[in-house]
Amino acid sequence: MKRTLVVVAAVLGFATAGTAANLSVVSDKATYDPAVDSTITLTVTGDSLGATAYSIIGRLQYDGALTDTPSGSDMSVGAGAHPQTGWTNGASYPFAEGQTTMFNQIAFPAATCCSSNVIATLTLNIANPGSTPGGVVNVDWYDLSFFDLAASPSALRPGTSFTILPAAVVPEPATAALVGLGLLGLAVGGRRRA
């Protein structure tokens with residue numbers, strides 16, 4: 001009986017130790033057309049799966065040439081639109097072109113987080129929508145400490161990616177007028193010969 005109890009306790013201990021937190025970032029669409037779309041919404045969801053921590057931070061990086069980062073500072077899981085019990089704001093990091101702090105929180109005593117809820121959302125703008133060359137934008141975690149998940153500038157953790165289509169090339173009105181006059185001249189010249 002004692003042996004069975006020890007084995008069950010060991011299995012439960014290993015099962016608990018193997019629990020990993022979940023964290024994801026997704027965009028509201030896979031492809032954006034600058035003629036129709038002007039904004040991109042990134043949503044971060046996470047779950048500590050019962051683990052506790054004294055602090056969590058999550059910073060994203062992405063292509064700043066294709067997107068415009070709004071002004072402001074980091075999001076918060078402790079207050080605002082996505083409140084979580086026990087968390088308060090850590091140091092505030094201003095947004096920079098191509099990078100954003102999605103959350104930076106501290107808790108004392110240590111706390112769990114999120115229960116598969118939305119942690120933060122961010123709205124980016126498409127840079128120069130009338131002339132963007134388009135391309136794939138990779139969104140990666142470059143500074144992350146979320147329970148047992150981690151990333152650093154030298155060891156990025158993939159987040160998501162989306163595509164911005166190139167801007168449609170619209171001919172200048174003067175070019176269209178010259179082509180029209182040329183066609184009209186050919187039509188008139190052809191009638192005179194006939």
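Pull out all pairs, ordered by first then second residue, where Cβ-Cβ is under 6 Å, the residues are six or more apart or on different chains, the first lies in the stretch 28-43 and is touching a residue at least 12 places away in the same chain (Cβ under 8 Å), and the second is loosely packed, with under 13 Cβ neighbours inside 10 Å and among the aliphatic types (A, V, I, L, M). Qualifying pairs under 6 Å: 35/168. In the set (1) surrounded by 11 or more Cβ atoms within 10 Å (Cβ to Cβ); (2) assigned to a loop (DSSP other than H, G, I, E, B), residue 144 fails one condition alone, (2). Within the stretch 92-110, the set of residues being over 11 Å from the mean Cα position of the chain (by Cα) and crowded, with 22+ Cβ neighbours inside 10 Å comprises 103, 104, 105. Listed conditions (1) surrounded by fewer than 17 Cβ atoms within 10 Å (Cβ to Cβ); (2) of a type outside the set (Lys, Arg); (3) farther than 29 Å from residue 148 by Cα; (4) out of contact with any Pro (no Cβ under 7 Å at 6 or more places or on another chain) are all met by residue 63, apart from (3). Residue check: is residue 158 farther than 21 Å from residue 51 by Cα, part of a loop (DSSP other than H, G, I, E, B) and out of contact with any helix residue (DSSP H, G or I) (no Cβ under 8 Å at 6 or more places or on another chain)? No: the conditions fail for residue 158. Filtering the stretch 121-142 to residues that are without any contact (Cβ under 8 Å) to a residue 60 or more places away in the chain and either among the hydrophobic types (A, V, I, L, M, F, W, C) or touching a strand residue (DSSP E or B) at 6+ places or on another chain (Cβ under 6 Å) (or both) leaves only 136. Of these, 179, 188, 136, 169, which one is among the aliphatic types (A, V, I, L, M) and modelled with pLDDT of 90 or more? Only one candidate passes the filter, namely 136. Taking the stretch 38-54 as the range and being of a type outside the set (A, V, I, L, M, F, W, C) and crowded, with 16+ Cβ neighbours inside 10 Å as the test, the residues that pass are 43, 45, 46, 47, 48. Close contacts from the stretch 143-154, counting a first residue that is in contact (Cβ under 8 Å) with a residue 24 or more places away in the chain and a second that is not small (Gly, Ala, Ser), with Cβ to Cβ under 6 Å and a gap of 6+ residues or different chains, come to 143/59; 144/157; 145/57; 146/23; 146/56; 149/23.
Among the residues making up the stretch 147-177, a single one is closer than 18 Å to residue 64 by Cβ, loosely packed, with under 15 Cβ neighbours inside 10 Å and of a type in the set (Gly, Ala, Ser): 161. In the set (1) at pLDDT 80 or above; (2) over 16 Å from the mean Cα position of the chain (by Cα), residue 43 fails one condition alone, (2).
The values are calculated or read from the model by the stated rules, or taken from the named source; none is laboratory data. Note that the structure is predicted; figures quoted are calculated from it, not measured. Positions of Cβ are generated from backbone atoms using ideal geometry, with glycine treated the same way; all protein chains shown enter the neighbour counts.
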